[in-house]
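To start, the structure under review is shown below, and the notes come after it.
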Amino acid sequence: MGRLYKAFILPHLEYCGLLLLGVGNTQANKLEDTNYYILRSILGFCRQTPYEFLLKTVGISSLEQRRKFQALVLVYKCLHNQAPSYIQDLFNFKVCSYNLRGSGTILEMPRCNLEWRHKSFSFIAARIWNSIPPFVRVTNDLLTFKRLLGKYARF
């Protein structure tokens with residue numbers, strides 16, 4: 001059943017997931033509740049079954065964590081010239097006059113005066129990128145980056 005869920009239902013819940021990165025808690029909770037209901041129905045568990053147990057049963061993380069993972073992969077691709085230039089232009093490295101471990105991989109936070117700008121993709125993705133461990137940010141291979149991100153990053 002988990003394979004059917006991953007093949008037919010999960011893509012609908014993740015469609016344009018990067019655009020939903022800055023969505024409010026109410027909408028994010030509605031998506032997670034929908035996912036919980038679908039998992040519980042497909043797998044045949046009762047209402048008292050915890051959402052985390054269902055996610056572990058299928059072998060995935062929550063939709064919010066999956067959106068953040070996808071955003072970080074896109075940022076990685078941007079910084080390694082593997083993404084379109086119009087997306088690469090959203091991110092800039094922070095210039096630092098002194099050398100700290102991993103300081104060359106810190107992203108500059110976009111300047112914003114309005115509260116709604118704090119929920120934009122470039123702002124949230126840069127904040128999440130800067131919060132992951134430096135040894136994950138400096139990897140040179142996309143597969144290694146994904147593996148380390150899944151293992152060490154706690155967003």
*Mind checking whether some residue in region 109-132 is of a type in the set (Ser, Thr, Tyr), modelled with pLDDT under 90 and surrounded by 17 or more Cβ atoms within 10 Å (Cβ to Cβ)?*
yes
*asked:* So, Leu13, is that one farther than 19 Å from Leu149 by Cα and not β-branched (Val, Ile, Thr) or not?
replied: yes
*Hey, Phe45 under 30 Å from Lys6 (Cβ atoms), at pLDDT 90 or above and not hydroxyl-bearing (Ser, Thr, Tyr) or not*: yes
_Looking at Tyr86, Tyr36, Tyr51 in this structure, which one is more than 20 Å from Arg147 (Cα to Cα) and open to solvent by 90 Å² or more (accessible area, probe 1.4 Å)?_
Tyr86
*asked:* Just to be sure I understand, how many residues within region 133-149 are in a helix (DSSP H, G or I) and open to solvent by less than 50 Å² (accessible area, probe 1.4 Å)?
replied: 7
*Which condition breaks for Ile9 when tested against (1) open to solvent by 60 Å² or more (accessible area, probe 1.4 Å); (2) in a helix (DSSP H, G or I); (3) at pLDDT below 95?*
(1)
*Take Thr26 and decide whether it is over 24 Å from Asp141 (Cα atoms) and surrounded by 14 or more Cβ atoms within 10 Å (Cβ to Cβ).*
no
*Out of all the residues in region 54-83, which are open to solvent by less than 30 Å² (accessible area, probe 1.4 Å) and closer than 20 Å to Ile106 by Cα?*
Ala71, Leu72, Val73, Val75, Tyr76, Cys78, Ala83
*What about Glu14, is it modelled with pLDDT of 95 or more and either hydroxyl-bearing (Ser, Thr, Tyr) or out of contact with any Phe, Trp or Tyr (no Cβ under 8 Å at 6 or more places or on another chain) (or both)?*
no
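The values are calculated or read from the model by the stated rules, or taken from the named source; none is laboratory data. What you are looking at is a predicted structure, and each value in this text was computed from that prediction instead of being measured. Every residue, glycine among them, receives a Cβ derived from its backbone with ideal geometry; neighbour counts consider all protein chains shown. What goes into the accessible areas is simple: the full protein's heavy atoms, side chains included, and nothing from ligands, DNA or RNA. Shrake-Rupley method; radii C 1.70, N 1.55, O 1.52, S 1.80 Å.
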